[in-house]
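See structure below.
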């Protein structure tokens, strides 16, 4: 299938092709936070909510009901976050207009405790997805990933169960057809 002329980079969304069979990434959507051809890539899976809450991961946030997501199979003991609070969270990196990665966790924690951070503006991840130098480009050339862009609202406010399909439909044309591709074509 023809790609849509988007190159990997911060703010780009990776959509797993329906035939990608790696269980870590099957039918996933990954938000790229960083990409360097020689330095590798870092992203967070947007479509894998865990059966855990943030308060179970961080003791000081024990009252938090935020859902925790699996950001990927690498270092699941680490915590990462995407948010829309970049103007007030020091050291946050704007990865696309209005969507930030990381920053001063004490400030984010204060926003959560004060009720100023909401699930539609902030998402927390256990672990991340990473690729060594040239690895992601190789996977894209093999056809494992479809690249697109989407606004912060769409990324954070579309349910994780619908995000994969919704992004493909949003892209239209042959990509929209993939949205209805069965998980196991043998059962079709």
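Throughout, read-outs are computed from the coordinates displayed, never taken from laboratory work. No experiment lies behind these values; they were computed from the predicted model shown. A quick note on method: Cβ atoms are made from the backbone with ideal geometry, for glycine too, and the neighbour counts reach across all protein chains shown.
Suppose only helical runs count, i.e. DSSP H with n ≥ 4. What mean residue ellipticity at 222 nm does that imply for the chain under -39500 (n - 2.57) per run, divided by all residues and rounded to the nearest 500 deg cm²/dmol?
Estimated from H runs of four or more residues: -6500 deg cm²/dmol.
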Taking alpha-carbon centroids only, the range 20-65 lies from the range 119-174 a number of Å equal to 11 Å
Cα pair distances exceeding 15 angstrom across the range 60-127, given as percent
50 percent
Using a simple spin-label model with points 7 Å from Cα along the Cα→Cβ vector, what separation in nm is obtained for residue 74 and residue 62?
3.4 nm
Taking a ≥ b ≥ c as the square roots of the Cα gyration tensor eigenvalues, with a/c under 1.5 meaning rounded and otherwise prolate when a/b beats b/c or oblate if not, the range 8-67 comes out oblate
Translational diffusion coefficient (Stokes-Einstein; Kirkwood radius from C-alpha pairs) of the chain at 37 °C, 0.692 mPa s, in µm²/s:
193 µm²/s
If you wrap a convex hull around the alpha carbons of the range 117-180, what volume per residue comes out, as a whole number of Å³?
115 Å³
Gaussian network model of the chain, Cα springs within a sub-10 Å range: biggest mean-square fluctuation belongs to which of 164, 19, 145?
19
